[in-house]
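The values are calculated or read from the model by the stated rules, or taken from the named source; none is laboratory data. Here the structure is a predicted model, which is why all the values come from computation and not from measurement. No Cβ is skipped: glycine too gets one built from the backbone with ideal geometry, and neighbour counts run over all protein chains shown.
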C-alpha cells in the first residue's frame, strides 16, 4: 500500500516514509532524468567506473554515477571536457552524474601547500604541478562538466583530529559553502538555463557532536537544495559513524535529499537508510571485486580460496549479471590466480549489480512497509562486513 | 561467381581458389561447428582472451579461439578442467577451441631440464614445480580439454640456431609427431566417439630450407588431417619468414587445412593467405590494444599521443565494435593516460574486431576473385606494421 507523504522541495519529492524508522523513498529530478531513492551510485572517479563499460552500468541498473572534480581538473582538464561538450558527452554517459568537489582528494592525495580563506593551494599528485582552487572555481568547473549534482569545496578533516582544528575547519567549510551557493546562483540567475544542477551542502565536523550540529545548522540556514554528510567512514568505528550520522542528519529538512558520502558496506547502507539517507556511493564494489571479493545473497566469497577450485556454481545463483549467467566460481578463481584482467572486471560488475539491486530491494521494502523486517532478514543471512 | 573446386579431406573442404596466387577459402568442420577459412583466431592462452568476455568475442565474430596446453596443465590443471566437463564448459565457450601443445612455451617460458626422446622434463614458470610430458601425455591432455583442434608436442628452435641443432630437432619433432598421431588414433579407434578432434602436424626446421622441406615431407608421409607451420615470427626478418613459409607449404596437400602459428600483423596475414594459409593466430590485437595501439582502416593509431587530446571521433568510423559505437579517441586517450583498465579492454576488443573483420573481407575478396586487388588497396592505405 503506497501512501504519498507530499513532502517535496525544488528537486526532490519524498514518496513514502517508514513508520518505525526514518527510511523513506523519493525521486530526485535532474537534467538527465529522475533518480529513484534510496540509491547506490557507482564511483567513476576519473570519468570511468573502473573496468566497467557504460552498457554494463546500464544493465546493472545504475541510475547515476559519480565523478571527481579534482581528478578531472588535473586530467584531462576542464578545457578538454568543455570542448567535448561536457562530461556526459566526453564519457558517453547520458544518465545523471554527481561530481564530488574534490575537497577530500585535495586534502588526501595532493601535496597541500596552504589552505587560505580564499581557497586552497596544492600540488597535483600526478605531476607535482601547482594549482589554486577557490570555491567559485570548483562550482564553475562542475558547471563546465555539466554535472547534475554538484558538491561545494569543503575540508574533510582526518580521523582523529583535534577539536580546535575541527572547529576552525567547520567555520571554513561553512564560509566556502556560502560562497559556493552564491556563485552557483549567480551562474544561472537570468541566463535562462533550464536546470542549474543541484548543489548540495556538505555537513562536516569530524566526530564532535556539537560541531556536527553547528555545521548542519549553518548549512540549513543557507537553504541548500540537498545535504551531504562528509568526513565519515574515514577510519572511525561503525558505532561512532552511526552516532555522528544521526546527529548530522536529525535537523536536516525532510523534504531535501540526503547523501552519505563514501559509504559503504551493505550493513552501513541499511543503517544509513534507516536514518533517512537517500544517496550512497562507495568504491567497495569495484575495488573489492578487483581483489577477488564478491558479495552474494549468502554473504561474501573470497574467490581465490582453494575451496572454489571445483565449485562449478555461479557466484550467486540469484544474480542476473553477465558473469553469473555465464561463468562459474571455479573459472573466476582460475582467472584470479592466473592474473587475468577479465576476473576483476566480472567481479566488479557482479558487485555493482549486487549493490544496486540491494538498494532496489530496499526501496521496494520501504514502499511495502517492511524495511526493518527486510533488514533483519538480510543481516541474518551472512557475513557482509 | 563462386566455383567449387571440390578439393576436400576428412575435416576440410576448399571452396574457392584464387587464380593469381595460392589464396583459397574453405570450411573446417569441428565438433563445435564449422570454421570458414581463412580465419583469424584470438588467443586465450590461459582459457581467457585477455580482458575480453565470451559475449564480446561472439560479437566480434570470433569463430574459434586458441588456448594453451602448457599453461592450462600447470593451472588450473588437467583434472579440474576434466571435472568441469572439458575446457568449453570450464570457460563457457561453445564455439571451436584450438589448443597449442605448449611446446613453444616449454622451450621459452619454462626452465628446461632435459629434452629426451621420451619427452621433455621441465620446471613450471609459475612455481618451479617439476614436470615430465611425453607426446602421448600432451595428446591425452588435449582430449581431456576437449579441444577441437590439437597440436602435437614439438620443439620450436630459437632464431638464429645452428644447423646441426635444427637438424636433430626436426628429427625429434618428426618422431614425436608420429607418436602423437598413433596415440591420437588409438584414443578414438573403436570407442565410437563422433569426433576425435583434428590433429595437425607442425612443420619445423628453423630458417633452413632443406630442413623445412624434410620436416614437411616427413609429416606429409604421416598423413595428418592438417598442417601447421611453427617456428616462424620468432625474430627473423619478414622476407626470410615469407621465403620459409613458401618452402614449408609448397608440398603440403592442398585438400588439408594450413595454419601459420603465431602470425601476425595485417601485412603478414595477406602474405600468408596468398601462400595458401587458412588459419592464423596472434596476440597482437589484445597485447597492442592494452598498450594503446589500435588498428584502423587508415592504419595504426598510438592513442597516448597528444594529437588525440581533442579528437572526438571514434577510433574507426567504419568499425562496428562497442567502443567505436560509444567512445571517442579523446576519451580513450584520457583513459590510457589515467591508467584506467577500461581503455585496454576497449582497444583490445576493437583490434580483435579489426583482425577478424579483415579476414572476413579477405574471404569475400577471394570468393569474388579480387584478393590481390584488395591486398594492394589495403597496403596502400596506411602503416599497418
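Of all residues in the range A:97-132, those satisfying the criterion of being crowded, with 21+ Cβ neighbours inside 10 Å, under 28 Å from residue A:32 (Cβ atoms) and touching a helix residue (DSSP H, G or I) at 6+ places or on another chain (Cβ under 9 Å) are A:97, A:99, A:100, A:101, A:102, A:103, A:104, A:106.
So, residue B:348, is that one more than 28 Å from residue A:83 (Cβ to Cβ) and buried (at least 17 other Cβ atoms within 10 Å of the Cβ) or not? Against the criterion (more than 28 Å from residue A:83 (Cβ to Cβ) and buried (at least 17 other Cβ atoms within 10 Å of the Cβ)), residue B:348 does not qualify. Do we have residue B:235 as surrounded by fewer than 17 Cβ atoms within 10 Å (Cβ to Cβ) and either closer than 14 Å to residue B:156 by Cβ or at pLDDT below 95 (or both) here? Considered against the rule, which asks whether it is surrounded by fewer than 17 Cβ atoms within 10 Å (Cβ to Cβ) and either closer than 14 Å to residue B:156 by Cβ or at pLDDT below 95 (or both), residue B:235 comes out as yes.
Within the range A:142-165, the residues that satisfy the criterion of being crowded, with 24+ Cβ neighbours inside 10 Å and not in a loop (DSSP other than H, G, I, E, B) are A:142, A:145, A:149, A:150.
Would you call residue B:253 crowded, with 23+ Cβ neighbours inside 10 Å and closer than 29 Å to residue B:13 by Cβ? No; evaluated as a whole, the condition is false for this residue. Determine if the range B:197-204 includes at least one residue that is under 21 Å from residue B:37 (Cα atoms), part of a loop (DSSP other than H, G, I, E, B) and touching a helix residue (DSSP H, G or I) at 6+ places or on another chain (Cβ under 8 Å). So far as the range B:197-204 goes, yes, one or more of its residues are under 21 Å from residue B:37 (Cα atoms), part of a loop (DSSP other than H, G, I, E, B) and touching a helix residue (DSSP H, G or I) at 6+ places or on another chain (Cβ under 8 Å).
So that you can scan it fast, the table gives a plain yes or no per residue for (1) more than 17 Å from residue A:91 (Cβ to Cβ); (2) in contact (Cβ under 8 Å) with a residue 24 or more places away in the chain; (3) out of contact with any strand residue (DSSP E or B) (no Cβ under 7 Å at 6 or more places or on another chain); (4) not assigned by TED's automatic domain parsing to the domain that holds residue B:270:
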position	(1), (2), (3), (4)
B:341	no, yes, yes, yes
B:347	no, yes, no, yes
B:355	yes, yes, no, yes
B:375	yes, yes, yes, yes
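Over 26 Å from residue B:33 (Cα atoms) and either part of a helix (DSSP H, G or I) or in the same structural domain as residue B:34 (by TED's automatic domain parsing) (or both) - does that describe any residue in the range B:178-188? The answer is yes, given that some residue of the range B:178-188 is over 26 Å from residue B:33 (Cα atoms) and either part of a helix (DSSP H, G or I) or in the same structural domain as residue B:34 (by TED's automatic domain parsing) (or both).
Return the residues of the range A:119-128 that are touching a strand residue (DSSP E or B) at 6+ places or on another chain (Cβ under 8 Å) and in contact (Cβ under 8 Å) with a residue 12 or more places away in the chain; say none if nothing qualifies. Break it down into steps so the answer makes sense when it comes.
The first filter runs over the range A:119-128 and keeps only residues touching a strand residue (DSSP E or B) at 6+ places or on another chain (Cβ under 8 Å), leaving A:119-125, A:128.
Once the filter is applied, which keeps residues that are touching a strand residue (DSSP E or B) at 6+ places or on another chain (Cβ under 8 Å) and in contact (Cβ under 8 Å) with a residue 12 or more places away in the chain, the range A:119-128 yields A:119, A:120, A:122, A:123, A:124, A:125, A:128.
Among the conditions (1) touching a residue at least 24 places away in the same chain (Cβ under 8 Å); (2) part of a helix (DSSP H, G or I); (3) more than 30 Å from residue B:225 (Cα to Cα), the only one that residue B:304 does not satisfy is (2). Surrounded by fewer than 16 Cβ atoms within 10 Å (Cβ to Cβ), assigned by TED's automatic domain parsing to the domain that holds residue B:269 and closer than 24 Å to residue A:309 by Cβ - does that describe any residue in the range B:58-69? No, the range B:58-69 has no match at all.
Here are A:179, A:130, A:140: which of them is under 20 Å from residue A:86 (Cα atoms) and modelled with pLDDT of 95 or more? Only one candidate passes the filter, namely A:140. Of the set (1) assigned to a helix (DSSP H, G or I); (2) within 14 Å of chain B (Cβ to nearest Cβ); (3) in contact (Cβ under 8 Å) with a residue 12 or more places away in the chain, all apply to residue A:240 but (2). Looking at the range B:56-107, the helices (runs of 4 or more DSSP H) lying wholly inside it that each contain 1 or more residues that are free of Cβ contacts under 8 Å to residues at least 40 places away in the same chain and away from chain A (no Cβ under 13 Å) sit at B:103-106. Of the candidates A:277, A:315, the single residue that is surrounded by 24 or more Cβ atoms within 10 Å (Cβ to Cβ), within 14 Å of chain B (Cβ to nearest Cβ) and assigned to a loop (DSSP other than H, G, I, E, B) is A:315.
Residue count for the range A:135-175 under the criterion of being touching a helix residue (DSSP H, G or I) at 6+ places or on another chain (Cβ under 8 Å) and either without any contact (Cβ under 8 Å) to a residue 24 or more places away in the chain or within 24 Å of residue A:96 (Cβ to Cβ) (or both): the result is 18.
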